[in-house]
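Student: One structure, as structure tokens, below. Some questions next.
The values are calculated or read from the model by the stated rules, or taken from the named source; none is laboratory data. Predicted model only: the values in this text are computed from it and were never measured. Every residue, glycine as well, gets a Cβ built from its backbone with ideal geometry; the counts of neighbours run over all protein chains shown.
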Amino acid sequence: MSKCIPDGVWPTMLTPFTDANTVDYGALRELVEWYIARQVDGLFAVCQSSEMFQLSLEERVGIASCVVKQTAGRVPVIAAGHIADDMADQIEEVRAISDTGVNAIVLVTNRLAGEEESDDVWKRNAEILFDELPDILFGFYECPYPYKRLMSPELLAWCASTERVLFLKDTSCNIEDMRAKVEAVKGTDLKIFNANAATLLETLKLGVSGYSGVMANFHPELYVWLSRQWSRETQKAEQLQDFLGVASLIERQLYPINGKYYLQLEGLNMTLNSRVKDASQFTPAERFEVKQLRRMTERYRDEYME
């Protein structure tokens, strides 16, 4: 595996489900093509947006394998799916998902220590995983469920020093926290990706490597433009950031149902079915809001992608 992943936009992939509530692999392959057509830089499969806590290990492995095969090397793929409490079970999960050929395994930060346990406990458990799985490269994801465990700059620097960790999905939503983390890993292979749309441009200026968040399931091409052009077209970047920050309020709707609805509007053959939310609760007004977001996206796309 390469000890380098590209900067840019890494969507947190959705999982399509059939009417029988099974993983819809046909729709998943179509979704991969949709992301790639929008020039994303990599794919983050089997994450919270993928409803990983409601997927069996067999399903998590199946999804990661499908995404790796469909990309066919066009973009790198990383995957989480590391959800167990028991360390032996976690090692089994990581091995199984790594065998699909993903470029790195993303460990969920809240799985390595309890909410009241110290960073020393976390570090010992990370060392166990690293020692048991010597040929695997890793990332970390500050997943909000079942509790959010943010990485300290000191702990992140330790992770970077192992030369085994390439990726952090930061969910602090705090510019100063990200500034400290960027400084802590400067000069290493570990890259930080911001999950928060509103703070993205300011953190790109600080040295964050890109975006990995919910809104890349709506208009990833706008994030791609921002991540690649912000330093060259500063005024347009500021204007686009204003739109992206406000547009991200759609996350407070019935996600991931609204994301699947947006993708339906894009022409994808995907149901609204989900294992974490009830699609019947997706109101007519919320559907109008998603349609309006898509129309606004098209206007920005026409202006910025000309």
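Student: May I ask you to list the residues in the range 17-45 that are without any contact (Cβ under 8 Å) to a residue 40 or more places away in the chain and of a type in the set (A, V, I, L, M)?
Tutor: Residues satisfying the conditions are ALA20, VAL32, ILE36, ALA37, LEU43.
Student: Report, by residue number, each residue of the range 269-297 that is in contact (Cβ under 8 Å) with a residue 12 or more places away in the chain, over 26 Å from MET52 (Cβ atoms) and among the hydrophobic types (A, V, I, L, M, F, W, C).
Tutor: If the condition is that a residue be in contact (Cβ under 8 Å) with a residue 12 or more places away in the chain, over 26 Å from MET52 (Cβ atoms) and among the hydrophobic types (A, V, I, L, M, F, W, C), then MET296 is the only one that fits.
Student: Follow-up. Looking at ASP242, ASP302, can you tell me which residue is without any contact (Cβ under 8 Å) to a residue 12 or more places away in the chain, closer than 29 Å to ILE175 by Cα and out of contact with any Lys or Arg (no Cβ under 8 Å at 6 or more places or on another chain)?
Tutor: Working: ASP302 fails: closer than 29 Å to ILE175 by Cα.
On inspection, the qualifying residue turns out to be ASP242.
Student: Another question about this same structure. In the range 152-170, which residues are surrounded by 23 or more Cβ atoms within 10 Å (Cβ to Cβ) and out of contact with any strand residue (DSSP E or B) (no Cβ under 6 Å at 6 or more places or on another chain)?
Tutor: Step one: filter the range 152-170 for residues surrounded by 23 or more Cβ atoms within 10 Å (Cβ to Cβ), giving 156, 159, 165-170.
Scanning the range 152-170 gives a single hit, LEU156.
Student: Quick check: anything in the range 277-289 in a loop (DSSP other than H, G, I, E, B) and either closer than 22 Å to TYR35 by Cβ or in contact with a Pro (Cβ under 6 Å, 6 or more places away or on another chain) (or both)? Spell out the reasoning first.
Tutor: Here is the first cut: in the range 277-289, the ones in a loop (DSSP other than H, G, I, E, B) are 277-278, 282-283.
Now narrow it down to the ones that are either closer than 22 Å to TYR35 by Cβ or in contact with a Pro (Cβ under 6 Å, 6 or more places away or on another chain) (or both): 277.
Scanning the range 277-289, I find at least one residue that is in a loop (DSSP other than H, G, I, E, B) and either closer than 22 Å to TYR35 by Cβ or in contact with a Pro (Cβ under 6 Å, 6 or more places away or on another chain) (or both), so the answer is yes.
Student: Only one of these conditions is not met by VAL208: (1) within 15 Å of the chain's Cα centre (by Cα); (2) surrounded by fewer than 18 Cβ atoms within 10 Å (Cβ to Cβ); (3) assigned to a loop (DSSP other than H, G, I, E, B). Which number is it?
Tutor: (2)
Student: A further question follows. Name every residue in the range 4-42 that is surrounded by fewer than 19 Cβ atoms within 10 Å (Cβ to Cβ) and of a type in the set (Gly, Ala, Ser), in order of residue number.
Tutor: ALA20, GLY26, ALA37
Student: Additional query: Suppose we keep only residues that are hydroxyl-bearing (Ser, Thr, Tyr) and in contact (Cβ under 8 Å) with a residue 12 or more places away in the chain within the range 46-71. Which one would you say is surrounded by the most Cβ atoms within 10 Å (Cβ to Cβ)?
Tutor: Filtering first and then ranking leaves SER50.
Student: SER274 fails exactly one of the following numbered conditions: (1) part of a loop (DSSP other than H, G, I, E, B); (2) at negative phi; (3) surrounded by fewer than 20 Cβ atoms within 10 Å (Cβ to Cβ). What is the number of that condition?
Tutor: Just one mismatch for SER274, condition (3).
Student: Can you tell me which of (1) of a type in the set (Gly, Ala, Ser); (2) out of contact with any Pro (no Cβ under 6 Å at 6 or more places or on another chain); (3) farther than 19 Å from LEU166 by Cα is the one ALA27 doesn't meet?
Tutor: Here ALA27 meets the rest and fails (2).
Student: What's the number of the condition ILE91 fails, among (1) in contact with an Asp or Glu (Cβ under 6 Å, 6 or more places away or on another chain); (2) crowded, with 21+ Cβ neighbours inside 10 Å; (3) more than 22 Å from ALA195 (Cα to Cα); (4) not hydroxyl-bearing (Ser, Thr, Tyr)?
Tutor: (2)
Student: Kindly indicate whether any position in the range 253-262 is surrounded by 14 or more Cβ atoms within 10 Å (Cβ to Cβ), at pLDDT 95 or above, in contact with a His (Cβ under 9 Å, 6 or more places away or on another chain) and part of a helix (DSSP H, G or I). So that I can check it myself, show each step before the final result.
Tutor: If we filter the range 253-262 for residues that are surrounded by 14 or more Cβ atoms within 10 Å (Cβ to Cβ), which is where we start, we get 253-262.
From what is left, the residues that are at pLDDT 95 or above are 253-262.
Cutting the leftovers down to in contact with a His (Cβ under 9 Å, 6 or more places away or on another chain) gives us 262.
If we keep only those that are part of a helix (DSSP H, G or I) as well, we get 262.
Looking for residues that are surrounded by 14 or more Cβ atoms within 10 Å (Cβ to Cβ), at pLDDT 95 or above, in contact with a His (Cβ under 9 Å, 6 or more places away or on another chain) and part of a helix (DSSP H, G or I), one finds at least one in the range 253-262, hence yes.
Student: Having 2 or more residues that are among the β-branched types (Val, Ile, Thr) is the bar; report the helices (runs of 4 or more DSSP H) wholly within the range 76-166 that clear it.
Tutor: Values: elements: 87-98, 119-132, 153-161.
By residue number, 87-98, 119-132.
Student: Now for a different question. So which residues in the range 181-191 are surrounded by fewer than 18 Cβ atoms within 10 Å (Cβ to Cβ) and either out of contact with any helix residue (DSSP H, G or I) (no Cβ under 8 Å at 6 or more places or on another chain) or in a helix (DSSP H, G or I) (or both)? Break it down into steps so the answer makes sense when it comes.
Tutor: Initial filter on the range 181-191 (surrounded by fewer than 18 Cβ atoms within 10 Å (Cβ to Cβ)): 183, 186-189.
Once the filter is applied, which keeps residues that are surrounded by fewer than 18 Cβ atoms within 10 Å (Cβ to Cβ) and either out of contact with any helix residue (DSSP H, G or I) (no Cβ under 8 Å at 6 or more places or on another chain) or in a helix (DSSP H, G or I) (or both), the range 181-191 yields GLU183, LYS186, GLY187.
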